[in-house]
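The values are calculated or read from the model by the stated rules, or taken from the named source; none is laboratory data. Small disclaimer: the values here were computed from a predicted structure and weren't measured. Quick reminder, even Gly has a Cβ in these numbers, built from the backbone with ideal geometry, and neighbours come from all protein chains shown.
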Amino acid sequence: MTILGIGTSALLAFQRSLAVTGNNIGNSATEGYSRQRVELVPGDLNTFSIRRIADRFVDAQLRTAGADLGDAEVRSAYAGRVDRLVADSTTGLAPALSRFFDAANDLANDPTSAANRSLLFNESRALVERFGDLNGRLEEQRTRLNGEISQNVDEINQMAASLADINARVLDRSGGRTAPNDLLDQRDLLVNQLSKKVGVKTTIQDDGSMNVFIGSGQALVIGGTARQLTARPMSDDPINLDIGYVQSDGGAVKINRFITDGELGSLLKTRETVLDPAQNQIGLIAVNLGSLFNAGNRLGLDGNGEPGGDVFRVPEPVVRASSKNATTGLPAVSIENVKDMTPHDYRLRTDGAGFVLQRLPDEAVIPMTEDPDNPGQWLAAGLRIDTNDLASAGAGDAWLIQPTRIAADRIAMNPRLIDGSGFATAGAMNAQEHVDNAGKAKIVEVRALDASDPATLFEPATLRFEAGVPDARGQFAVETALGTQSFDLTTLDPDNTGIFKIQHNGWEITLRGQPADGDVFTVSRNEHHVGDNRNMLNLAGLAVENTIQGKATYAESYTGILADIGSRARQAEIALSASTTVFNEVTAQRESIAGVNLDEEAANLLRYQQAYQAAAQIIATSSTLFDSLLAAARS
Amino acid sequence: MRISTSQIYRTGLDSMQRAQQQVTRGVMEMASGKRILSPSDDPSGATTAARIQTRIKSTEQYQRNGDLARPRLEQTEVNLDALNNHLQRAKELVVAGTNGTHSTESRGYIAAEIRQIRNAMYEIANSRDANGEYVFAGTNSLQAPFKSNGVGKVSYVGAEGVGAVRELAISDTWTLPIGETGADVFMKIPERSGMINEASTQGNTGTLTVKGTGIVNIPLAQSNAGKTFTISFSPALDSQTPPQPLFEDGKAVMQYSVTDDSDGTPLGSGRYSDGMSIEFGGRRVILSGDPNPGDRVESRPARFADIFSTLDEIATVFEQPLTDDDSRKALSIGSSIALSNLAGTLSHFDEIRANVGFRLQTLDNQTDLNQDRLIQLKTSRSEIEDLDYAEAISRFKLHETALQAAQQTYAQVNKLSLFNFI
């Protein structure tokens, strides 16, 4: 090769190197850019290639780290917001609950005070409002979360389409002399962003195209084609959005359970583990408190001496039919025993042979017992499920039962209760021992158990002790205008503890001590209700009773929600800080390999500039040599 | 390791942001004085603090209940003191009045003063508290508990029976009755003299009721004091053989017989007629209604003598002029009945006062206990969620320094570039 040829080739090669360095400098702040190098073949200045410096394994790590980070960011953001919401002293339930029971206690202290009655009335309204407001704020988070799901799915679809497009362009240029480095950078950047949204796995085909899979191997991009995802309600719950594959007929197949990574997976998990339990739990407190306060209030006498009514209007469980059901019938679900109710949703299914109740979200089967008195009515989890309208149900029909999901929103004051006089402060019953009683028996307590039939309840009763019948321990004959019934002491007090209860016509009297033959006790309607606080003491006592699932008081149950969400938020924060560290570390690794260092490029710039000048000098020298030769020939 | 330029920027920014977060956190902690700003900062601590908070609230409620109970119990106590003074005076008057040297007129003055005392006690029995509720009415607290009929007979119309006295909770397990019913204080005073009798028809199937009881023969009654007699009823028979039940106007005629329960001695018998007065052992029982065969009336010493009747009766005795032996005897017996029953009333009041005093003492003890518990609970809560300012301030200073260092480093490093030298 001639010296001129060498000089020209070198000049071109360094010009190219200078251009690549310049490109590196120009892109030093471009996200996803991988630095490039001109690679010369030793001894052959005419053959050089531009290599994109990247490490496929580090890139894969970066995508995993990105998916984890996306997951942790969403979790910590939602858990943190819900955490602050429920714990806050103005938006939380705890202060309203405690003020409500304080007011009930104050009314118990002074049942004659109209001010105390109206205070409790107002605190009841404030409590109902607090339930609704808290539920509303959680519902805001749910709306926002569903919105983010929908937005994420849109973005994923766009990215998948872009990836398919890049794949197609890579395929077009696969025969070219230089690799399509700019396209590969774009593709890697897109995959990284996609991975943060949903967590992906990729494979590079021999033709250079990249296949992208989500979840446990569901294809999203294959070569130049992308599958579309959709966000729409596909379970029986019309509010929550599910993720599905769009089918060719426009329908969709639900793939929620495969989406476990990235922001999208985290949104689904957060909805199931933070929002649903919180809303259900708060709803459970509302239903439980409302039902028990109502039941208690009905057992006493109100400010006018009348039997108390309902204070709250408690919502019934919500039932939704699956859209695929053969029957249009709905099971009638009502509250059977509020203390057995749980903060779970349930699914009732027919399996052809009968009805099966599953707890959600774990789908555990909950045993149901059929009410022997009402065939077709099943009892489970504190609920009564009437299946008599489901005769035409086909196998596989399903119904979603949400006992408490929106209860905090729906609970309201009983519209008939217009002021505080409706609170039943006084006990309904009064009991007295006859002045001539010779025995040692004393009345401990008398109270109403069932006030649904006031005429029977208030029927004055005389309890007369008869010694020696039917056995040595004797019996009580309870006489009312409705008839006489005998209660023998052996049955009432089998262990001879000296304390026994007699239940009759909806009331219960507790006696202590041995009565003598002919002793008389009377039970009748309480005519001295004005200053009586027995019933309100019981109602105020609900605050310290283990009413929620028989295990926790209202305050404890709410504290439980705080603890659960608090520890979830704490875990999410720890996960966020850990995955941030990992992400930063992997990013540093990638940057260390593919990132541009300006000092390095400046040095290269100097080096290539000097080399370029030297090559130019070769051409100049060759020119001088040629001139020298010409001059020699001329002379 | 090779470092890229953007990595240098990012590292610098990251460390500044971390330091800024720490500084902000410090500011928030110090502004609120709390170590736990949201439950996620320390879930178990926050839960414990919330539980303690619930305990604090309920204990404070018990204290409030106690504050309400105390004045009521104190008022009951004050009333009982006043009643006690009145009774002491009444007792002195009865002792003075018994003295036979008094003229009818001066005994009349004594009787008048006794009636004054009775009226004062009636006023107390119907007194109200600051809340406008009747102190001795039990739960029927907006109605005067004592009513006086035309002839001065006082009856109790307040609440009686279970739950007649309002109770307040002063701890999770203690409820305290915050008063006494008028029936317990003024009416159910044990009869001490044994000379006042009552009759009971309990267990009967007929319509027999007791219209009145009294004493017809003082010495005889005195010798039979404390005894129980039974009047039993059976169908009256005619003189045929065998005897047949007697009927009059289509109704079976009943006969009564009286026996002494202590030894079974028969004390007389006769044909019963509606509204008749049966006399035996110096006593009299007036009956009305129709007995069924087998019905019984028990004449026995009265169990209770209410304070109003005791005072009324002795006043009535003092108002009678002393004309003969019988009237002198009546005075002496009336005085002795009154003195025994006044003494009984005094000890009855003492008992009730002790009761109320015990409740006040319990209340004070529980209040002290609650107060101690409140301090304990608040200390525990503070230990869990309150900020240690000394520690927080030094931490804040550290983070502040870290932030300054990060900022300065960032500025310095970014000045370094080879391009500056080309």
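If the condition is being among the polar types (S, T, N, Q), buried (at least 20 other Cβ atoms within 10 Å of the Cβ) and in a helix (DSSP H, G or I), then region B:26-57 contributes B:Ser40, B:Thr47, B:Thr54. For region B:398-421, the count of residues that are within 14 Å of chain A (Cβ to nearest Cβ), without any contact (Cβ under 8 Å) to a residue 12 or more places away in the chain, over 30 Å from B:Ser58 (Cβ atoms) and of a type in the set (A, V, I, L, M) is at least one. Somewhere in region A:214-227, is a residue farther than 30 Å from A:Arg405 by Cβ and part of a helix (DSSP H, G or I)? Within region A:214-227 (the criterion being farther than 30 Å from A:Arg405 by Cβ and part of a helix (DSSP H, G or I)), the answer is no, since none of the residues qualifies. Look through A:Gly199, A:Gly215 and report the one residue that is small (Gly, Ala, Ser), surrounded by 17 or more Cβ atoms within 10 Å (Cβ to Cβ) and in contact (Cβ under 8 Å) with a residue 60 or more places away in the chain. That would be A:Gly199, the only listed residue that is small (Gly, Ala, Ser), surrounded by 17 or more Cβ atoms within 10 Å (Cβ to Cβ) and in contact (Cβ under 8 Å) with a residue 60 or more places away in the chain. All of B:Leu68, B:Leu73, B:Leu80 fail the test of being touching a Gly at 6+ places or on another chain (Cβ under 8 Å) and either part of a helix (DSSP H, G or I) or surrounded by fewer than 21 Cβ atoms within 10 Å (Cβ to Cβ) (or both), apart from B:Leu73. Here B:Asn131 passes the criteria (1) within 13 Å of chain A (Cβ to nearest Cβ); (2) surrounded by fewer than 24 Cβ atoms within 10 Å (Cβ to Cβ); (3) at pLDDT 85 or above except the one numbered (3).
For region B:275-285, does any single residue satisfy the condition of being out of contact with any Phe, Trp or Tyr (no Cβ under 8 Å at 6 or more places or on another chain) and on the phi > 0 side of the Ramachandran plot?
For region B:275-285, residues out of contact with any Phe, Trp or Tyr (no Cβ under 8 Å at 6 or more places or on another chain) and on the phi > 0 side of the Ramachandran plot: present.
Any residue in region B:34-46 that is within 10 Å of chain A (Cβ to nearest Cβ) and within 30 Å of B:Thr367 (Cα to Cα)? Scanning region B:34-46, I find at least one residue that is within 10 Å of chain A (Cβ to nearest Cβ) and within 30 Å of B:Thr367 (Cα to Cα), so the answer is yes.
Of note, A:Lys269 satisfies the criterion of being assigned to a helix (DSSP H, G or I), of a type in the set (Lys, Arg) and modelled with pLDDT under 95. Residues that are under 22 Å from B:Glu160 (Cα atoms) and either in contact with a Leu (Cβ under 9 Å, 6 or more places away or on another chain) or free of Cβ contacts under 8 Å to residues at least 24 places away in the same chain (or both) are absent from region A:481-496 altogether. Considering region B:215-226, and only residues there that are surrounded by fewer than 14 Cβ atoms within 10 Å (Cβ to Cβ) and not hydrophobic (A, V, I, L, M, F, W, C), the residue that is farthest from B:Ser299 (Cα to Cα) turns out to be B:Pro219.
Tell me, please, whether a residue that is among the aromatic types (Phe, Trp, Tyr), buried (at least 16 other Cβ atoms within 10 Å of the Cβ), in contact (Cβ under 8 Å) with a residue 12 or more places away in the chain and not in a strand (DSSP E or B) can be found in region A:379-402. Checked region A:379-402: no residue is among the aromatic types (Phe, Trp, Tyr), buried (at least 16 other Cβ atoms within 10 Å of the Cβ), in contact (Cβ under 8 Å) with a residue 12 or more places away in the chain and not in a strand (DSSP E or B). Is it the case, given these coordinates, that B:Gly108 is within 14 Å of chain A (Cβ to nearest Cβ), of a type outside the set (A, V, I, L, M, F, W, C), part of a helix (DSSP H, G or I) and touching a residue at least 24 places away in the same chain (Cβ under 8 Å)? No; evaluated as a whole, the condition is false for this residue. The residue of region A:410-443 that is farthest from the other protein chains (Cβ to nearest Cβ), among those that are part of a loop (DSSP other than H, G, I, E, B) and among the charged types (D, E, K, R), is A:Arg416.
To keep it simple, each residue is scored yes or no on (1) out of contact with any strand residue (DSSP E or B) (no Cβ under 8 Å at 6 or more places or on another chain); (2) surrounded by fewer than 21 Cβ atoms within 10 Å (Cβ to Cβ); (3) on the phi > 0 side of the Ramachandran plot.
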site	(1), (2), (3)
A:Ser421	yes, yes, no
A:Gln432	no, yes, no
A:Ala438	yes, yes, no
A:Lys442	no, yes, no
A:Glu445	no, yes, no
A:Asp450	yes, yes, no
A:Asp453	yes, yes, no
A:Thr456	yes, yes, no
A:Phe465	no, no, no
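All of (1) at the interface with chain B (Cβ under 9 Å from one of its Cβ atoms); (2) part of a helix (DSSP H, G or I); (3) touching a residue at least 40 places away in the same chain (Cβ under 8 Å) hold for A:Leu625 with one exception: (1).
Right, B:Gly250: surrounded by fewer than 16 Cβ atoms within 10 Å (Cβ to Cβ) and either closer than 30 Å to B:Met187 by Cα or not hydroxyl-bearing (Ser, Thr, Tyr) (or both) or not? So B:Gly250 passes the test. Taken over region A:585-608, the criterion of being part of a helix (DSSP H, G or I), within 20 Å of A:Ala65 (Cα to Cα) and at the interface with chain B (Cβ under 7 Å from one of its Cβ atoms) is satisfied by A:Ala588, A:Glu591, A:Ser592. Name the one entry in B:Ser232, B:Ser239, B:Ser277 that is within 41 Å of the chain's Cα centre (by Cα) and surrounded by fewer than 15 Cβ atoms within 10 Å (Cβ to Cβ). The unique qualifying residue is B:Ser277. One residue stands out in region A:513-552 among those that are in a loop (DSSP other than H, G, I, E, B) and of a type in the set (D, E, K, R): the one that is farthest from B:Thr47 (Cα to Cα), namely A:Asp517.
Screening region A:521-567 for residues that are surrounded by 18 or more Cβ atoms within 10 Å (Cβ to Cβ), facing chain B (nearest Cβ under 8 Å) and within 30 Å of B:Thr201 (Cα to Cα) and picking the one that is modelled with the lowest pLDDT gives A:His528. Selection of region A:169-221 for residues being over 22 Å from A:Asn24 (Cα atoms) and of a type in the set (D, E, K, R) yields A:Arg169, A:Asp172, A:Arg173, A:Lys196, A:Lys197, A:Lys201, A:Asp206, A:Asp207. Cβ-Cβ distances below 6 Å connect the following pairs, each with a first residue in region B:193-216 that is part of a strand (DSSP E or B), a second residue that is among the aliphatic types (A, V, I, L, M) and crowded, with 19+ Cβ neighbours inside 10 Å, and a separation of six or more residues or different chains: B:Ala199/B:Val285; B:Ala199/B:Val297; B:Val210/B:Ala199; B:Thr213/B:Ala199; B:Thr213/B:Val285; B:Ile215/B:Ala221.
The set of residues from region B:384-412 being acidic (Asp, Glu) and in a loop (DSSP other than H, G, I, E, B) comprises just one member, B:Asp388.
If I filter region B:1-17 down to residues being within 12 Å of chain A (Cβ to nearest Cβ) and in contact (Cβ under 8 Å) with a residue 40 or more places away in the chain, which single residue comes out as surrounded by the fewest Cβ atoms within 10 Å (Cβ to Cβ)? Explain how you work it out, then say what you get.
From region B:1-17, those within 12 Å of chain A (Cβ to nearest Cβ) are B:1-11, B:13-15, B:17; that's our starting set.
Filter once more, so that each one left must be in contact (Cβ under 8 Å) with a residue 40 or more places away in the chain: B:8-9, B:13, B:15.
Numbers: B:Ile8: 19, B:Tyr9: 14, B:Leu13: 12, B:Ser15: 17.
My answer is B:Leu13.
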